[in-house]
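Worksheet: one structure, shown below.
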Amino acid sequence: MKELKNKVAAITGAGSGIGRALAIELAKDGCHVALSDVNEAGLKETVALLASYSVKATTSILDVSNKDAFYAWADQVVADHGKVNIIINNAGVALAGTVAELSIEDYEWIMNINFYGVLYGTKAFMPYLEQAGEGHIVNISSIFGLASQPLMSGYNASKFAVRGLTESLRQDLEMSNSKVSCTCVHPGGIKTNIAQSTRFNDNASQVTGATAEESKKEFERAFINTPEKAAKTIVNGIKKNKRRVLIGPDAKLFDLMVRILPSAYQKIIVSAMKSQVKNLSKKKSA
């Protein structure tokens, strides 16, 4: 799908961050957009930013963990636009805490949004993409879908699952000679609001010695890439039909690290985090 003009793209999590930047980047190419998010105000802001582009933009309030609502949205997108060529499953959340202390409900919460939300989007839109005769599925994993981190088991599990689903899906589509393809995206640290919306279990602070607010600020220091750069890279990945898209030097570094040190990388990350905790403790006691 090298030409995006007059195509239709559906984007989840379009009320801010990468989702909003994708809506703008696609609109620049003349691609019509169907936008969804749980944040109605954010969606309105995104639509306002599209006013200068000659494209049709529709919106829907959507909780991606609601299967019936997701399928209904797919139907509505086609009803509104006549077709759909691209689904970008971008909406996601984060969770921090040790496996011992996180509850089953915590894991269900993040998997329902980060994994099942992607699965619902893939399944709900795939028949319509096939019907359009040309389609692309973009599933957003993470740098943490390449390498695991302490305290991030729920997030890691969900993003590794997205990676596995998407890579297998790509092979399914090729085996069936489908006109639909897919891409798995692994962003590094992107300047979005995900850190501020992260759920921190109390024991995460006991392990790191940092409050939830301090941890969020530390998390944000690793955000070295912009949503705009991420959007350009993703759209380029669609046009080039890439299997995997890495966004930012940190994602490329993690990918290389795991390739060279497939299991030993864990020791390196634990050592780095322990050093970080030690330095924080020294600062607080000084």
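The values are calculated or read from the model by the stated rules, or taken from the named source; none is laboratory data. Here the structure is a predicted model, which is why all the values come from computation and not from measurement. So basically every Cβ, Gly included, is an ideal-geometry build from the backbone, and we count neighbours across all protein chains shown.
The set of residues in the stretch 58-79 that are farther than 27 Å from Phe160 by Cβ and surrounded by 15 or more Cβ atoms within 10 Å (Cβ to Cβ) comprises Thr58, Thr59, Ser60, Gln76, Val77, Val78. Checked against the criteria, Val33 counts as at pLDDT 95 or above, assigned to a strand (DSSP E or B) and farther than 20 Å from Cys184 by Cβ. Within the stretch 75-90, is there a residue that is of a type outside the set (S, T, N, Q), within 27 Å of Gly154 (Cα to Cα) and touching a residue at least 40 places away in the same chain (Cβ under 8 Å)? Checked against the condition, which is being of a type outside the set (S, T, N, Q), within 27 Å of Gly154 (Cα to Cα) and touching a residue at least 40 places away in the same chain (Cβ under 8 Å), the stretch 75-90 yields at least one hit. Hey, among Ala34, Ala14, which residue is touching a strand residue (DSSP E or B) at 6+ places or on another chain (Cβ under 7 Å), surrounded by 23 or more Cβ atoms within 10 Å (Cβ to Cβ), under 18 Å from Asn85 (Cβ atoms) and in contact (Cβ under 8 Å) with a residue 60 or more places away in the chain? After applying the criteria, what remains is Ala14. The condition (being out of contact with any Leu (no Cβ under 7 Å at 6 or more places or on another chain) and under 16 Å from Phe125 (Cβ atoms)) is satisfied by just one residue among Lys56, Lys2, Lys83: Lys83. Screening the stretch 85-129 for residues that are part of a loop (DSSP other than H, G, I, E, B) and among the β-branched types (Val, Ile, Thr) and picking the one that is nearest to Gly42 (Cα to Cα) gives Val93. Quick one: would you say Ala23 is surrounded by fewer than 24 Cβ atoms within 10 Å (Cβ to Cβ), free of Cβ contacts under 8 Å to residues at least 40 places away in the same chain and within 24 Å of Lys191 (Cβ to Cβ)? Against the criterion (surrounded by fewer than 24 Cβ atoms within 10 Å (Cβ to Cβ), free of Cβ contacts under 8 Å to residues at least 40 places away in the same chain and within 24 Å of Lys191 (Cβ to Cβ)), Ala23 does not qualify.
Being in contact with a helix residue (DSSP H, G or I) (Cβ under 8 Å, 6 or more places away or on another chain), outside any loop (DSSP other than H, G, I, E, B) and surrounded by fewer than 18 Cβ atoms within 10 Å (Cβ to Cβ) is the filter here, so list the residues in the stretch 37-57 that pass it. Write out each step before concluding.
Narrowing the stretch 37-57 to residues in contact with a helix residue (DSSP H, G or I) (Cβ under 8 Å, 6 or more places away or on another chain): 37, 42, 45-46, 49-50, 53, 55-57.
If we keep only those that are outside any loop (DSSP other than H, G, I, E, B) too, we end up with 37, 42, 45-46, 49, 57.
Glu45, Leu49, listed by residue number.
For Val235, the test of being modelled with pLDDT of 95 or more, hydrophobic (A, V, I, L, M, F, W, C) and touching an Asp or Glu at 6+ places or on another chain (Cβ under 6 Å) is passed. Restricting the stretch 137-188 to residues that are hydroxyl-bearing (Ser, Thr, Tyr) and touching a Phe, Trp or Tyr at 6+ places or on another chain (Cβ under 6 Å), the residue that is farthest from Met111 (Cα to Cα) is Tyr155. Taking the listed residues Val118, Val138, Val162, the one that is touching a residue at least 24 places away in the same chain (Cβ under 8 Å) and either more than 24 Å from Lys7 (Cα to Cα) or of a type in the set (Ser, Thr, Tyr) (or both) is Val162, with no other qualifying. Condition check for Asp75 on (1) within 19 Å of Leu169 (Cβ to Cβ); (2) in a helix (DSSP H, G or I): one failure, at (1). Residues that are among the small types (Gly, Ala, Ser) and part of a helix (DSSP H, G or I) were ranked within the stretch 148-171; the one that is surrounded by the fewest Cβ atoms within 10 Å (Cβ to Cβ) is Ser168.
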